[in-house]
1. Could you give the dipole magnitude of region 85-167 about its Cα centre, charging the beta-carbon of Lys and Arg +1 and that of Asp and Glu -1, in debye to the nearest 20?
2. For LYS26, list the aspartates and glutamates whose Cα falls under 18 Å from its own Cα; do not include residues on the same chain fewer than 8 positions away.
3. Name the shape class, rounded, prolate or oblate, that the alpha-carbon gyration tensor gives for region 18-117, where a ≥ b ≥ c are the square roots of its eigenvalues, rounded holds for a/c under 1.5, and otherwise prolate holds if a/b is larger than b/c and oblate otherwise.
4. Just from its helices, what would the mean residue ellipticity at 222 nm be for the chain, if runs of 4 or more DSSP H residues each count -39500 (n - 2.57) and the sum is divided by every residue, rounded to the nearest 500 deg cm²/dmol?
5. So what J values fall out for region 144-154 if you push phi through Karplus, 6.51 cos²θ - 1.76 cosθ + 1.60 with θ = phi - 60°, rounded to Hz, Gly and Pro as x?
6. For the chain, calculate the relative contact order in percent as a whole number, restricting contacts to Cα pairs under 8 Å that are 6 or more residues apart.
7. How would you classify region 85-151 from its alpha-carbon gyration tensor, with a ≥ b ≥ c the square roots of the eigenvalues: rounded for a/c under 1.5, else prolate if a/b is greater than b/c, otherwise oblate?
8. Normalised by the number of residues in region 1-59, what is the relative contact order in percent for Cα pairs under 8 Å and 6+ residues apart?
Amino acid sequence: RKEIQQWYKGFLKDCPTGELNQSDFKGIYKQFFPFGDPSRFADYIFKVFDRNHNGTIDFTEFLQALSITSRGTVEEKLKWAFELYDIDGNGHITKDEMLTIVDAIYRMVGSMVQLPEDEDTPEKRVEKIFHLMDKNNDGKIDMTEFKEGSHQDPLIMQALNLYHGAV
């Protein structure tokens, strides 16, 4: 309870209106990733945070997302991550959707991260992920494939544990 009150105090300090708009949200991401361009990734994260789709994040939405990304189980984090990648919300991730998010992540981290040669472009990373996850080769990944594939990819599992640092 005390921790929530502290979060609320900080939220109101940063958002005196009690709501965080998309532009301010991008500004927060820019502070965490000064050497890259986090704006596109921040847009997609914002959409997942903004549960009621009203164009702002209120404290309840902020707290729910923070709770999942920092304290949630692996299953909750995977469900949250799936929602992020499933841009159109139709229950599966296409290569284009995955490429959109992966490209935004690569732009955000910039040159901060040295990647292996087989993952040094967003396209290569997406191909590798689809090879791992798209078990029935239908060109899309459903929630079951995403969960099973994520457990087999150490980079994804590591990222899930780091989400709370990026949120």
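1. With only Lys, Arg, Asp and Glu charged at Cβ, the dipole is about 220 debye.
2. Of all the aspartates and glutamates, those that pass the test against LYS26 - Cα under 18 Å, at least 8 places apart if same chain - are ASP14, ASP37, ASP43, ASP50, ASP58, GLU61, ASP103.
3. oblate
4. Helix-only estimate at 222 nm: -20500 deg cm²/dmol.
5. Calculated HN-Hα couplings, in order: 5, 4, 4, 5, 5, x, 4, 5, 8, 10, x Hz.
6. After rounding, I find 23 percent.
7. Prolate, because a/c is 1.5 or more and a/b exceeds b/c.
8. 40 percent
The values are calculated or read from the model by the stated rules, or taken from the named source; none is laboratory data. Because the structure is predicted, anything quoted here is derived from the model rather than measured. Because the Cβ atoms are built from the backbone with ideal geometry, glycine has one as well, and the counts that use them run over all protein chains shown. Accessible surface areas use protein heavy atoms only, side chains included; no ligands, DNA or RNA. Shrake-Rupley method; radii C 1.70, N 1.55, O 1.52, S 1.80 Å.
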